[in-house]
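Structure first, then comments.
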Amino acid sequence: PMPVDADLFEAGRAAAKASPPRVLFAGNLLPSKGVDVLIAAVAQLRDRGIACELRILGGGPAREQLLADISARGLAGVASIAAFVPQSQMPMEYGAATVTVLPTRGQAEGLGLTLVEALLAGSAVVGTPAGGIPEVVEDGVTGLLTPDGDPSALAERLARLLQDEPLRLRLTTEGLNRVRRTYSLDATV
């Protein structure tokens, strides 16, 4: 397995959770990453009265289209896109997030490293069954999996994690234990 500096990312557990609850995406802004699906899911949550904010960290060719999508859905006060932040700041970004999402389409994903880092920092995770994501996210055990390209299914999973604290804590705790056993420097060496 790919090694991760577990101690660096576990420092994010000390971060205060954002209020309203934050949904985080961190990665390249490419159509294959499914960020448009995440934006549509957050719009559904807003329409259902479920409070949350969407923070998108990254850059890439889909940025302008995603900004237009945020505007068209009336999410300007709910969703934002910011540039990549230095790796040293990511533990606190993950730690402040209630849920970190990797909604990749198809098989266009390696491991889904952001989900490993997010679990170490205390964020619950949702991913699609793309590439290596199911190695990190065992559905209902370490996080939740959602079909790719389906904003309603993603909204349902996000709602579960945002509204069911015992479920969120159970998944995050098991996820932390698993990624520590699998991806920490000591484990990989």
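The values are calculated or read from the model by the stated rules, or taken from the named source; none is laboratory data. Just so you know, these numbers come straight off a predicted model, no measurement behind them. A quick note on method: Cβ atoms are made from the backbone with ideal geometry, for glycine too, and the neighbour counts reach across all protein chains shown. When the accessible area is computed, the model is the full protein with side chains, heavy atoms only, and any ligands, DNA or RNA have been set aside. Shrake-Rupley method; radii C 1.70, N 1.55, O 1.52, S 1.80 Å.
Going by what's in this entry, would E174 be described as modelled with pLDDT of 95 or more, in a helix (DSSP H, G or I) and surrounded by fewer than 24 Cβ atoms within 10 Å (Cβ to Cβ)?
yes
Would you confirm whether any residue within segment 106-123 is surrounded by fewer than 18 Cβ atoms within 10 Å (Cβ to Cβ), under 25 Å from L29 (Cβ atoms) and either within 11 Å of the chain's Cα centre (by Cα) or among the basic types (K, R) (or both)?
Yes - at least one qualifying residue is present in segment 106-123.
Of everything in segment 147-157, what is of a type outside the set (D, E) and either open to solvent by less than 20 Å² (accessible area, probe 1.4 Å) or outside any helix (DSSP H, G or I) (or both)? Give them in sequence order.
Passing the criteria: P147, G149, A153, L154, A155.
Could you grab me the full set of residues in segment 158-171 that are under 18 Å from A97 (Cβ atoms) and either at pLDDT below 95 or open to solvent by 50 Å² or more (accessible area, probe 1.4 Å) (or both)?
R160, Q163, D164, E165, L169, R170 - these are the residues of segment 158-171 that are under 18 Å from A97 (Cβ atoms) and either at pLDDT below 95 or open to solvent by 50 Å² or more (accessible area, probe 1.4 Å) (or both).
Which of the residues that make up segment 93-105 are closer than 22 Å to A11 by Cα and either surrounded by fewer than 21 Cβ atoms within 10 Å (Cβ to Cβ) or not hydroxyl-bearing (S, T, Y) (or both)?
Residues satisfying the conditions are E93, G95, A96, A97, V99, V101, L102.
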